[in-house]
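Below is one structure, written out as structure tokens; comments come after it.
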Amino acid sequence: RRGVEMTSPGLRQPIDPTLGEIPLAQRRALVRQVADTVGKRVARTVQDVLALGTHMTPDAEKVASVTEIHAELARFNESRMRAGGPPLSDFAHQAVLEAVMAHIYGLGEIDGLWNHGDIENIDVNGPDKVFVTFVGGEKVRWSPIARDQEDLIDLIRRAARQLGANEAEFDARHP
């Protein structure tokens with residue numbers, strides 16, 4: 001199970017990986033905030049290692065990211081409990097961790113779809129106009145993969161970088 005929205009085995013519809021514990025808008029904001037914070041911390045760590053004349057392997061960088069994500073989610077839980085709410089369940093904690101890793105190192109909210117073996121095609125015509133074609137030809141309207149057009153463009157640019165394409169010319173004139 002990876003990504004923000006996934007299918008459950010046998011079902012061909014999106015499910016909330018936190019099982020309703022964190023509403024989508026709050027989950028997206030949390031993932032972005034944690035990803036931004038973790039990205040800055042890990043980038044500093046990578047720079048510090050480079051300054052010592054060595055390098056950090058991609059696997060070591062991911063381990064550092066996971067460690068930082070756990071620390072950020074612990075802080076999130078502390079503030080949530082101080083406000084009178086419950087801490088994240090282990091299940092929701094893991095779902096957010098995977099969503100942050102997908103945001104940093106993968107394809108964000110489409111990561112789970114991209115890596116799903118039963119999906120043949122993903123058509124995205126806007127942040128909330130998503131259609132998934134499964135093996136066998138069944139086409140299903142999917143849940144939104146981005147908050148708005150700006151987030152969708154950011155997702156497309158990150159996907160282009162991940163897939164090795166040049167994302168610098170993606171704009172209204174160069175769709």
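The values are calculated or read from the model by the stated rules, or taken from the named source; none is laboratory data. Just so we're clear, the structure is a prediction, and the values are computed from it rather than from any experiment. Note: ideal-geometry Cβ built from the backbone for every residue, glycine included; neighbour counts use all protein chains shown. Ligands, DNA and RNA are stripped out before the accessible areas are found, and what is left, the full protein with its side chains, is counted by its heavy atoms. Shrake-Rupley method; radii C 1.70, N 1.55, O 1.52, S 1.80 Å.
Membrane-span-like helices in the chain (whole DSSP H runs, Cα extent of at least 30 Å along the helix axis, mean Kyte-Doolittle hydropathy of at least -0.5): 24-51. Applying the Karplus relation 6.51 cos²θ - 1.76 cosθ + 1.60 with θ = phi - 60° to region 115-120 yields 3J(HN,Hα) values of 9, 7, x, 8, 9, 8 Hz, where x marks Gly and Pro. What is the pair-distance distribution P(r) of region 11-158, computed from all Cα-Cα distances in 5 Å bins starting at 0, with each bin given as a whole percent? Per 5 Å bin, starting at 0, the Cα pair percentages come out as 2, 9, 16, 19, 18, 15, 11, 7, 3, 1, 0.
Taking the charge dipole of the chain about its Cα centre, with +1 at Lys and Arg Cβ atoms and -1 at Asp and Glu Cβ atoms, the residue from Leu52, Ile104, Ser79 reaching farthest to the positive side is Ser79.
Solvent-accessible area of Glu98, all protein chains in place: 40 Å² (probe radius 1.4 Å, heavy atoms, ligands and nucleic acids excluded).
Probing with 1.4 Å while keeping every protein chain in the model, the per residue accessible area of the chain equals 57 Å².
Can you tell me the length gained on complete extension of the stretch Lys139 to Asp123, counting 0.36 nm per residue apart and subtracting the Cα distance?
Answer, rounded to one decimal: 4.8 nm.
Taking the inverse of the mean reciprocal distance over all distinct Cα pairs, the Kirkwood hydrodynamic radius of region 83-155 comes to 13.7 Å.
Put a plus charge on the Cβ of each Lys and Arg, a minus charge on the Cβ of each Asp and Glu, and nothing anywhere else: the dipole of region 50-175 about its Cα centre is then about 220 debye.
Straight-distance candidates among the lysines for linking to Lys129, with alpha-carbon spacing under 20 Å and chain neighbours fewer than 8 residues away dropped: Lys139. Apolar share of the accessible surface for the chain: 54 percent from carbon plus sulfur atoms, 1.4 Å probe. Figure note: Ile22, Ile104 ranked by solvent-accessible area, largest first, 1.4 Å probe, ligands and nucleic acids not counted: Ile104, Ile22.
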